[in-house]
Amino acid sequence: MSLLSATPHQPAVTEREARQVAEAAREQDWRKPSFAKELFLGRFRLDLIHPHPMPPDEDAQRGEEFLAKLRDFCETKIDSALIEREARIPDEVINGLKELGALGMKIDTKYGGLGLTQVYYNKALALVGSANPALGALLSAHQSIGVPQPLKIFGTQEQKDTFLPRCARTDISAFLLTEPDVGSDPARLATSAVPDGDDYVLDGVKLWTTNGVVADLLVVMARVPKSEGHKGGITAFVVEAASEGVTVENRNAFMGLRGLENGVTRFHRVRVPAANRIGPEGAGLKIALTTLNTGRLSLPAMCVGAGKWCLKIAREWSSAREQWGKPVAFHEAVGAKISFIAATTFALEAVLDLSSQMADEDRNDIRIEAALAKLYGSEMAWLMADELVQIRGGRGFETADSLAARGERAVPAEQVLRDLRINRIFEGSTEIMHLLIAREAVDAHLSVAGDLIDPEKSLTDKAKAGANAGVFYAKWLPKLVSGPGQLPRSYGEFHPAGHVDLSGHLRYVERSARKLARSTFYAMSRWQGRMETKQGFLARIVDIGAELFAMSAACVRAELLRTTEPHGRQAYQLADVFCRQSRIRVEELFGRLWSNTDDLDHKVVKGVLGGAYTWLEDGIVDPSGEGPWIADATPGPTERENVHRPIR
């Protein structure tokens, strides 16, 4: 295999080596049950999510009390239009959130935090994110992937005592992994941390450092060289942002999230005490991935908030706007969009609350559930916002300031569309999430048959793997032939008197889970070692699983609301509509598993990159500026002004 391009300060890495780094970082064992993992294996374990888990009364009361205070703050202190115009969150808003304790929502009370559950932390993010998404991103980056979360899981007691009280009340934190030429391929990480006595010396450049412009504390991923007494490898450090040699060289600007404090940070001979290392050397990527297991739930929380807002605006506008003698909502073309927004918002909240409550209980392994929530939430929220803009017509494309200037309600629909677009890229792009989830989904197969398709394994190893695979599949495959989904009375508790019938949807999920598992097996048999290159197929497998998970969560949530809330009947209706919409998407995805243009697409791509279609680009001018595609990230002293501005 050819080497990937590498600069002198950046390690040259083969494709296989890159995969080995990623594989070593992922959690290898499954010590707890996983609903989603079982789903991909064709086993519909409804018992793992139903009855819907519930938070203890004490946690719920504490959470509701904080939400009431936070709502008042959002309604009276946050001017989202001002943040959009000035592309900056006022310091007094951030300081107000500090005083409220919002920096410490997930931090234990013994360190000065609020000690909220994941469920209520996510509700808070949805609330703040609806007021202004950039604020939601600031709080999320600080607590979900910044200093508090990795220290909570991997930090020493001394580190927790030192840093968590600061993070709970005063200090903003950021997470620094990405580099100008390193994104989802961390094997090429170039930032170095060279041991020197009781310190490490950091050199390198980090890109897209959310909160980095205003952060006080940083979690930095850097490569420690292997040497005597040092295992080496990618390692995590807590770094004081005010340290000598740390420079924020640029505050980046984006199409959305205009208040986001995201920058480029350079490290030049920055000394970091060894006591600030999180975990052992070489554990950095594992720490990052483990942190993201629940950290990813913060993003779909804000997607739920966006869905709720889209529904509110769609309802109010479609009632007021008349066309051809009746409100536009009652025209089928618009009504279908409103139904999609309502049903999908219900399902997203069901997925989020279920995953969050499972994270709080810690009974299940939710690494796949959280990843599915992130993937599905970011994709569906974008679609809902796009539909809202379409419902609003020209007013959807017009800015809120322009609407207000000519005397109409300042509805920032186009802003929400811009703000939501990053969610399909943040914290693992949709394409990377497909691959990550697919790897976990086929883990059972690789565990028993992986050596069969590994070109570096010996014939003895392959023979042993073949025998193990034979035993596994002899037991597994027959169970995929039939199940409760074929019995007309299965899941009867989801068809209570006076309500629509949801039991049929759960039977469909059970049947489809088995079909999904069979499809995965057929594909592995067909492509074997080339399976990992079939990214289109794997993406569709994952998307089917996401829909089945969402359908399951929607039905379970509807049943919970039927027994605990006065709007149970309406919840059943929304779950029914969502499942019917979802089933149409699932059937299309199943069809596209085997009937698609993947091979033809590959040929066209080769032609495009080979210059065969450059004639198609005639007749335009390119307004792009000059400069390299990827900025130079050679280590060394900065040549730019430090734009770091801690908020006090």
Take the residues in the range 145-163 that are surrounded by 22 or more Cβ atoms within 10 Å (Cβ to Cβ) and touching a Lys or Arg at 6+ places or on another chain (Cβ under 8 Å), then tell me which one is farthest from residue 245 (Cα to Cα). 149
Examine the range 392-400 for a residue that is within 25 Å of residue 351 (Cβ to Cβ), open to solvent by 60 Å² or more (accessible area, probe 1.4 Å) and modelled with pLDDT of 95 or more, and state whether such a residue exists. no
Where residues in the range 224-238 are of a type outside the set (Gly, Ala, Ser) and over 25 Å from the mean Cα position of the chain (by Cα), which of them is modelled with the lowest pLDDT? 228
Taking only pairs six or more apart or across chains, which ones have beta-carbon atoms under 9 Å, a first residue in the range 364-378 that is within 11 Å of residue 301 (Cα to Cα) and open to solvent by less than 10 Å² (accessible area, probe 1.4 Å), and a second residue that is aromatic (Phe, Trp, Tyr) and not in a helix (DSSP H, G or I)? 374/426; 378/426
Residue within the range 391-409 that is under 28 Å from residue 547 (Cα atoms) and either touching a Leu at 6+ places or on another chain (Cβ under 6 Å) or free of Cβ contacts under 8 Å to residues at least 12 places away in the same chain (or both) present: no
Which numbered condition trips up residue 615, out of (1) over 18 Å from residue 180 (Cα atoms); (2) among the aromatic types (Phe, Trp, Tyr); (3) not in a helix (DSSP H, G or I)? (3)
Here is a check on your reading of the model: is residue 420 modelled with pLDDT under 95 and either surrounded by 20 or more Cβ atoms within 10 Å (Cβ to Cβ) or aliphatic (A, V, I, L, M) (or both)? no
Among the residues of the range 62-79, count how many are open to solvent by less than 30 Å² (accessible area, probe 1.4 Å) and part of a helix (DSSP H, G or I). 6
Out of curiosity, is residue 577 at pLDDT 95 or above, surrounded by fewer than 20 Cβ atoms within 10 Å (Cβ to Cβ) and closer than 21 Å to residue 348 by Cβ? yes
Out of (1) within 30 Å of residue 337 (Cβ to Cβ); (2) modelled with pLDDT of 90 or more; (3) surrounded by 18 or more Cβ atoms within 10 Å (Cβ to Cβ), the one residue 405 does not meet is (3)
Could you tell me whether residue 572 is touching a residue at least 40 places away in the same chain (Cβ under 8 Å) and more than 25 Å from the chain's Cα centre (by Cα)? yes
Out of the range 90-111, which residues are assigned to a loop (DSSP other than H, G, I, E, B) and either without any contact (Cβ under 8 Å) to a residue 60 or more places away in the chain or among the polar types (S, T, N, Q) (or both)? 90, 105, 106, 108
Taking residue 195 as meeting all but one of (1) touching a residue at least 40 places away in the same chain (Cβ under 8 Å); (2) within 24 Å of the chain's Cα centre (by Cα), write down the number of the exception. (2)
Taking the residues in the range 175-197 that are of a type outside the set (Gly, Ala, Ser) and part of a strand (DSSP E or B) as candidates, determine which candidate is modelled with the lowest pLDDT. 182
For the range 313-329, how many residues meet the condition of being over 23 Å from residue 123 (Cα atoms) and surrounded by 14 or more Cβ atoms within 10 Å (Cβ to Cβ)? 6
For residue 29, only one of the following conditions fails: (1) farther than 30 Å from residue 529 by Cα; (2) modelled with pLDDT under 95. What is its number? (1)
Selected residue (only one of 136, 115 is of a type in the set (Gly, Ala, Ser) and in a loop (DSSP other than H, G, I, E, B)): 115
Conditions (1) open to solvent by less than 30 Å² (accessible area, probe 1.4 Å); (2) in contact with a Ser or Thr (Cβ under 8 Å, 6 or more places away or on another chain) -> residue 383 fails only (1)
When residues of the range 226-256 are filtered for being touching a Gly at 6+ places or on another chain (Cβ under 9 Å) and either closer than 15 Å to residue 193 by Cα or crowded, with 20+ Cβ neighbours inside 10 Å (or both), how many remain? 11
Name the helices (runs of 4 or more DSSP H) wholly within the range 310-410 that hold at least 1 residues that are closer than 23 Å to residue 573 by Cα, out of contact with any Lys or Arg (no Cβ under 9 Å at 6 or more places or on another chain) and of a type outside the set (A, V, I, L, M, F, W, C)? 332-361, 367-392
Exclusive hit being in contact with an Asp or Glu (Cβ under 6 Å, 6 or more places away or on another chain) and open to solvent by 10 Å² or more (accessible area, probe 1.4 Å), set 198, 181, 216: 216
Keeping to the range 408-417, report how many residues are open to solvent by 50 Å² or more (accessible area, probe 1.4 Å) and among the small types (Gly, Ala, Ser). 1
Residue by residue through the range 455-507, note down the ones that are more than 33 Å from the chain's Cα centre (by Cα), among the charged types (D, E, K, R) and in a loop (DSSP other than H, G, I, E, B). 456, 457, 489
Just the residues that are out of contact with any Lys or Arg (no Cβ under 8 Å at 6 or more places or on another chain), within 18 Å of residue 284 (Cα to Cα) and not in a strand (DSSP E or B), please, taken from the range 230-266. 231
Meets criteria (buried (at least 23 other Cβ atoms within 10 Å of the Cβ), of a type in the set (A, V, I, L, M, F, W, C) and closer than 26 Å to residue 443 by Cβ) for residue 350: yes
How many residues, within the range 111-143, are small (Gly, Ala, Ser), under 28 Å from residue 158 (Cβ atoms) and under 18 Å from the mean Cα position of the chain (by Cα)? 2
Evaluate the range 543-560: report whether one residue or more is open to solvent by 10 Å² or more (accessible area, probe 1.4 Å) and either of a type in the set (S, T, N, Q) or on the phi > 0 side of the Ramachandran plot (or both). no
Show the residue pairs meeting these rules: Cβ distance below 8 Å; 6+ apart or different chains; first residue within the range 505-516 and closer than 12 Å to residue 587 by Cα; second residue of a type in the set (D, E, K, R) and part of a helix (DSSP H, G or I). 508/583
Keeping to the range 423-439, report how many residues are part of a helix (DSSP H, G or I) and buried (at least 21 other Cβ atoms within 10 Å of the Cβ). 6
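The values are calculated or read from the model by the stated rules, or taken from the named source; none is laboratory data. What you are looking at is a predicted structure, and each value in this text was computed from that prediction instead of being measured. Neighbour counts are summed over all protein chains in view; Cβ atoms, including those assigned to glycine, are modelled from backbone coordinates with ideal geometry. Quick note on the areas: whole protein, heavy atoms, side chains included, nothing else; ligands and nucleic acids left out. Shrake-Rupley method; radii C 1.70, N 1.55, O 1.52, S 1.80 Å.
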